[in-house]
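Here the structure comes first, spelled out in structure tokens, and everything after it is commentary.
The values are calculated or read from the model by the stated rules, or taken from the named source; none is laboratory data. Here the structure is a predicted model, which means the values were calculated and not measured. Here the Cβ positions follow ideal geometry from the backbone for every residue, glycine too, while neighbour counts run over all protein chains shown.
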Amino acid sequence: MKFRRIRDEKTGEETLEVPLSGAELLQIPLFNKGLGFTEEERRELKLEGLLPPSVLTLEQDVALAYEQYQLMSSDLGRYVFLARLQNRNEALYARLLLEHITEMTPIVYTPVVGTAVERHAHIWRDARGVFLTLAQKDRIEAILNGVANRDHVEAIVVTDAEAILGIGDQGAGGMAIAIGKLALYMLCGGIRPETTLPVMLDVGTDTQERLDDPDYFGWRHGRIRGQAYDDFLEAFVTAVMKVFPRALLQFEDFGTLNARDLLERYRDRLCTFNDDIQGTGAITVGTLIAACQVAGSKLSEQDVVILGGGNAGTGIADQIVAKAVDEGVPAAEARSKIWFTGRHGLMLSNMEEPKFPYRKKYYQPVERVKNWKRTTQGEVSLTDVIRNVHPSILIGTSAQPGVFSEEMVREMAAHVKRPIIFPLSNPNVKAEAVPADLFRWTDGRVLTATGSPFPDVQYGGRTYRISQCNNAFVFPGIALGALASGAKRISDGMLMAAATGLAECSPARKDPTAPLLPLLEQVREVSRTVALAVGAEAQREGLAEKTTGEELKRRIAAKMWTPCYPRVRPLR
């Protein structure tokens, strides 16, 4: 659909020229302003009689929408309300979220989006994004050519919904994840909604509860794997490269077995990244850098224990190693200071695990644990690792609630002045530890960040704000920097630049008693800083056209949209 935005450089005012009028216009959320249309616009666009006579400003509309939002009695009800608003009036939706960002981010994304995914068939009403099935493999290019915003698409989030948050394989309901992720692109990075496209690759589901649900709207088939799956993904990526040759493609919530393979297969063919692996790595390492600064040390000097060897855990480890190398430590030495544990204990060199070759490089030699004091025979437990390694950093990506026990944490704290403990699994009920307990068990010395939002902790007469190690502080900035600079690829160096840029925004750099991460209300400024670092690194590596720093700043600012009610008139 052809439309045009015109921005007055002097006044900053925006005009939207649209190809529709009358009732048809009101059905397009990108064009619709509801009661925000002026009397003149109503005449020009043939809206007279279709709306009540009152004309409201965006500020008035936001106040009314928030009043309606507060009438919802449950978080899922609030999610549904916001989804309906998004599909009716995009500018109002965006502005409402921006003005209540701390309150509403957990509603439109984690943790509430997990419930929305599980219940998606029962709450879904309005089509949004593109659903693709195996039966359409040979028609993907034609389908993408037919999307309404085809000429404007710059950022695509795609999922096959095999590994949704902590709830796993959810089939077609995973579309809510792609939609939610792109809402955060807009909210945190200012990326215009018309330039985004959510895509659901429906390859079936192995979750029987979904297949047995009479209202389930996805393909009722077991999850397809192997060559048929690979061919489908290849057809999709090939079509994206043809239809949207300059777009960024983000892979989201793919299963452990596929995520790494897809990233390695496509990262050198187009501008792409996997937020579960690389975004999680960047946000965690950026926060760890800040924590290490508070502790008076470097990240390369730490012994790190990670519980959970999936996409998130290995993505974090990869970027810890990259940072250590940046600090002058050989990669092999950096890997030797990372201790992975899982459901079968410490990951050792004598383990047979052909399904996950990418984490083999982190397996510790058996000889290193031969003389350890052990609590049990057989596997080397997490407790054994903590007692023998005396780690300064403990990270959880396991979705095992409460697994960081008082005994473990007190043992760690007995050997470390400022223990750094990140229980990152979400939602909250999956967290490896609760921040209030960590403060008690470490006598208030812990430096912590969590995967989901937790309330402030009262300890020792002080109030501590708990930083959420939220990917929203990083991935919108990565995308913004790549798009603004015109980067052809997203490199490891650009990801490290994102982590370093985030660390520069830490309040704890100026005040060691402050939280490790800024307030969510400051996320747009964080995204701007991250984007500038990412774009500059892309230019340094020759992945983007070289410009001055001021020009890069200007391009980033031009990409960042602040929701408003533009002047709307017929397309000329």
Within the range 121-137, residues at pLDDT 90 or above, in contact with a helix residue (DSSP H, G or I) (Cβ under 9 Å, 6 or more places away or on another chain) and more than 25 Å from F273 (Cα to Cα) come out as I123
In the range 375-406, what residues are more than 14 Å from E432 (Cβ to Cβ) and either in contact with a His (Cβ under 7 Å, 6 or more places away or on another chain) or exposed (fewer than 15 other Cβ atoms within 10 Å of the Cβ) (or both)?
-> T375, T376, Q377, G378, E379, H390
Inspect the range 510-517 for any residue being under 20 Å from A290 (Cβ atoms), among the charged types (D, E, K, R), modelled with pLDDT under 95 and surrounded by fewer than 21 Cβ atoms within 10 Å (Cβ to Cβ) and give the result as yes or no.
-> yes
Test: residue in the range 211-222 that is among the small types (G, A, S), in a loop (DSSP other than H, G, I, E, B) and surrounded by fewer than 18 Cβ atoms within 10 Å (Cβ to Cβ) | yes
Is it the case that some residue within the range 33-56 is surrounded by fewer than 13 Cβ atoms within 10 Å (Cβ to Cβ), among the polar types (S, T, N, Q) and either farther than 25 Å from L519 by Cα or touching an Asp or Glu at 6+ places or on another chain (Cβ under 9 Å) (or both)?
-> yes
Is the range 499-507 home to any residue that is acidic (D, E), surrounded by fewer than 24 Cβ atoms within 10 Å (Cβ to Cβ) and under 25 Å from S300 (Cβ atoms)?
-> yes
The range 102-117, residues that are buried (at least 19 other Cβ atoms within 10 Å of the Cβ) and either farther than 22 Å from P518 by Cβ or not assigned by TED's automatic domain parsing to the domain that holds Y185 (or both) = V112, V113, G114, A116, V117
Identify, from the list D268, D303, the residue that is of a type in the set (D, E), modelled with pLDDT of 95 or more and over 30 Å from E162 (Cα atoms).
-> D303
Is it true that some residue in the range 197-208 is assigned to a helix (DSSP H, G or I), over 23 Å from the mean Cα position of the chain (by Cα) and modelled with pLDDT of 95 or more?
-> yes
For L71, state whether it is without any contact (Cβ under 8 Å) to a residue 24 or more places away in the chain, of a type outside the set (D, E, K, R) and over 30 Å from V240 (Cα atoms).
-> yes
For V366, all conditions in the list (1) under 21 Å from I283 (Cα atoms); (2) surrounded by fewer than 23 Cβ atoms within 10 Å (Cβ to Cβ) hold save one; what is the number of the exception?
-> (1)
So which residues in the range 82-93 are under 18 Å from V112 (Cα atoms) and surrounded by fewer than 18 Cβ atoms within 10 Å (Cβ to Cβ), if there are any at all?
-> R84
Being in a strand (DSSP E or B) and modelled with pLDDT of 95 or more is the filter; apply it to the range 153-193 and report the residue that is nearest to the chain's Cα centre (by Cα).
-> V157
Consider S485 carefully, then state whether it is more than 17 Å from the chain's Cα centre (by Cα), surrounded by 24 or more Cβ atoms within 10 Å (Cβ to Cβ) and in contact (Cβ under 8 Å) with a residue 12 or more places away in the chain.
-> yes
Among the candidates I277, I338, residue that is in contact (Cβ under 8 Å) with a residue 24 or more places away in the chain and within 25 Å of A487 (Cβ to Cβ) = I277
Looking at E537, E545, which one is of a type outside the set (K, R), assigned to a loop (DSSP other than H, G, I, E, B) and in contact with a Gly (Cβ under 9 Å, 6 or more places away or on another chain)?
-> E545
Hey, any hits in the range 238-253 for a residue that's in the same structural domain as T195 (by TED's automatic domain parsing), farther than 27 Å from S527 by Cβ and not aliphatic (A, V, I, L, M)?
-> yes
Can you tell me which residue within the range 293-340, out of those that are charged (D, E, K, R) and in a loop (DSSP other than H, G, I, E, B), is nearest to V369 (Cα to Cα)?
-> K337
With the checklist (1) within 24 Å of A127 (Cα to Cα); (2) assigned to a helix (DSSP H, G or I) in hand, flag the one item L20 doesn't pass.
-> (2)
Residue match in the range 116-124 (condition: assigned to a helix (DSSP H, G or I) and charged (D, E, K, R)) | yes
